[in-house]
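The numbers here are math on the coordinates, done by the rules we state, and not lab data. Fair warning: this is a prediction, and the values are worked out from it, not measured in the lab. Positions of Cβ are backbone-derived with ideal geometry, glycine not excepted, and every protein chain shown enters the neighbour counts.
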Amino acid sequence: MHQFSSQEHPSSPYFSSSYCSMSVSGIQGHLLEVTVVGCNKLKDTEWISRQDPYVRLEYGTNKYRTRTCTDGGKTPIFQEKFTFTLIEGLREINVVVWNSNTLTYDDFIGNGKVQLQKVLSQGYDDTPWPLQTKTGRYAGEVRLIMHYGNAKHPAATYTPAPPYADPPPPQVPLYSAPPTLSASYPPPAITYPTTSPYPAYPSYPSYPSSTYPPPPSAYPPPPPTSAYPPATYPPASTYYPPGPFPGLYPPPPY
């Protein structure tokens, strides 16, 4: 026989219904509020368009269905509340997720079992519950928030987890006024020049500017280009006097 420990989750298969009836009893006819928040990481049954999921809850003979989340895809949001009348000895709710089709039969996405031990003992449970396909593979999870007002040991305080939704982007104004300075700063302190313990020296008149003439040039001006007068000789003549008989030479002596 298996001996369970105190750390095992109530949804464990070894957490028998007989133990639950011993710990929580007298629930016949009491009301249980179940809010279907949404689903996350659903198996996608569509190839081209986005799937349109919806959720069915079954508890005894009570069956409820959420609206169809058109184009919900893998993360549909529902936020729908249902009220169940509890049955003594029945400690789980069957949940089934389908994809709605218009022309053909709806597609089965996944199903799971929601255990009620925690909500019946503490009055509140917002645990996400896993879903599986017909072959036992993981098909996503469904998020429920359950309230039970007749719990014997209600939880002192609880903080509901946020639903499956992307946070809105921060709103940044297009034009914003410059921030105003709330803190006032004291005026700057007035400082006075400190007096020197030594007497100040008298000021003397400045010397007049120099009135001497500029010094003479150290070198005389350069001589003219030619230091001598131009030559007065007559130009050489190119005429030579002709001989007595041009072309006649004296006869050679014999």
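Tell me which aspartates and glutamates have Cα within less than 17 Å of Lys41's Cα, excluding those fewer than 8 residues away on the same chain?
Asp52, Asp71, Asp107, Glu141, Asp166
Of the cross-linked pairs Lys43/Lys63; Lys43/Lys118; Lys81/Lys134; Lys74/Lys118; Lys63/Lys152, which ones have a Cα-Cα span greater than 25 Å in the structure shown?
Lys43/Lys118; Lys81/Lys134; Lys74/Lys118; Lys63/Lys152
Which ³J(HN,Hα) values in Hz, rounded to whole numbers, follow from the phi angles of the stretch 51-60 under the Karplus curve 6.51 cos²θ - 1.76 cosθ + 1.60, where θ = phi - 60° and Gly and Pro get x?
6, 10, x, 8, 10, 10, 10, 10, 9, x
Go through 59-68, 46-55 and give me the packing order, highest mean Cβ count within 10 Å leading. It would help to have the intermediate numbers written out before the result.
Numbers: 59-68: 14.5, 46-55: 16.9.
Peptide ranking by packing, descending: 46-55, 59-68.
If eta is 0.692 mPa s and T is 37 °C, what Stokes-Einstein diffusion coefficient results for the stretch 26-148, Kirkwood Rh from Cα pairs, in µm²/s? Intermediate values should be presented prior to the final figure.
Details: Rh = 14.8 Å.
Here the translational diffusion coefficient equals 223 µm²/s.
Roughly speaking, what is the stretch gain from Gln79 to Asp44, that is 0.36 nm per residue apart minus the C-alpha to C-alpha distance, in nm to one decimal?
On the way: separation 35, 0.36 × 35 = 12.60 nm, distance 2.10 nm.
Full extension of this stretch gives 10.5 nm more.
Tyr105 versus Leu90, label points 7 Å from Cα toward the beta carbon: distance in nm?
2.6 nm
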